[in-house]
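Let me begin by presenting the structure, written as structure tokens, before commenting on it.
Read the figures in this text as sums done on the coordinates, not as results from a lab. For clarity, every value in this text was computed on a predicted model and none was experimentally measured. As a convention, Cβ positions derive from the backbone with ideal geometry for all residues, glycine included, and neighbour counts pool all protein chains shown.
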Amino acid sequence: MIRYSLTCDKDHRFESWFQSADAFDKLLAGGMISCAVCGSTDVRKSIMAPRIGKSGNTETAIVPAEVERPLSAPASTAEQALKELREKIETNSEDVGHNFAAEARKIHNGEAPERPIYGEAKLQDAKSLIEDGVPVMPLPFMPSRKTN
């Protein structure tokens, strides 16, 4: 296993573990690595300080505090806010998946019960909803799925 410090094209910094350097390269080439903050797949490796410990010492190595946090923990207050927003949306809304555009239109037209929903829509479908006055907005995070 290898841990890389990564940066997206918007200068968000995050870390992730990979099975090997080759595995990282394959995932990156396939667009399967995305920024933990904004979802961008334009990601590159960043300079990362190695773990340094005293010879023969089994104590914890000397590592900056931000590296010691669990990888699943938010790295910044912005990440924490996005995490809380996502949890609130997922707790209080129905995930309609790829049927978002159709379901939002049905709710708007009174053909389905009014309720908070979230899901995925193609760009053209989202534009069409907005043009037709359906109140929708993009969410500032990617759908829940394991990408790296």
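Side notes on the structure shown:
- Spin-label model distance (nm) - K26 vs A102, 7 Å beyond Cα toward Cβ: 3.5 nm
- The stretch between R115 and S76 holds 10.9 nm of extra length on full extension. This uses 0.36 nm per residue minus the Cα-Cα distance.
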